[in-house]
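Below is one structure, written out as structure tokens; comments come after it.
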Amino acid sequence: MKKIAIQEHFLLPELDDYFKMLTNGVSGESFDPVLPKFWDLDAGRVADMDEKGIERSILSCFNYAAFNSTPTRHGRSTWRSA
């Protein structure tokens with residue numbers, strides 16, 4: 001039986017500052033250990049998949065709109081450049 005991970009998220013490093021602004025007030029202990037895994041779209045992610053027996057993964061970009069926040073001027077310009 002093949003395993004397919006269907007809810008795997010990633011973050012764009014270009015939007016890291018915007019992500020940190022959105023999560024302002026949330027303990028860094030919550031995000032700091034896992035952020036590198038969200039950015040990894042290469043060997044580290046594949047190694048994790050191999051370790052768990054996952055053959056394929058469907059990736060989706062983290063939904064920045066889920067925070068229901070109006071982007072700041074910095075956020076808007078960052079979105080446009082990404």
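We did not get these values from a lab; they are worked out from the coordinates using the rules stated. All figures in this text were calculated on a predicted structure; none of them were measured in a lab. Cβ: placed from backbone, ideal geometry, glycine included. Neighbour counts: every protein chain shown.
Considering each of Leu59, Leu41 in turn, give the residue that is surrounded by 11 or more Cβ atoms within 10 Å (Cβ to Cβ) and part of a strand (DSSP E or B). Before the answer, list the steps.
Values: Leu41 fails: part of a strand (DSSP E or B).
Criteria check complete, one pass: Leu59.
I'm checking my understanding of the structure. Among residues of the range 1-38 that are among the acidic types (Asp, Glu) and not in a strand (DSSP E or B), which one is surrounded by the fewest Cβ atoms within 10 Å (Cβ to Cβ)?
Among them, the one singled out is Glu29.
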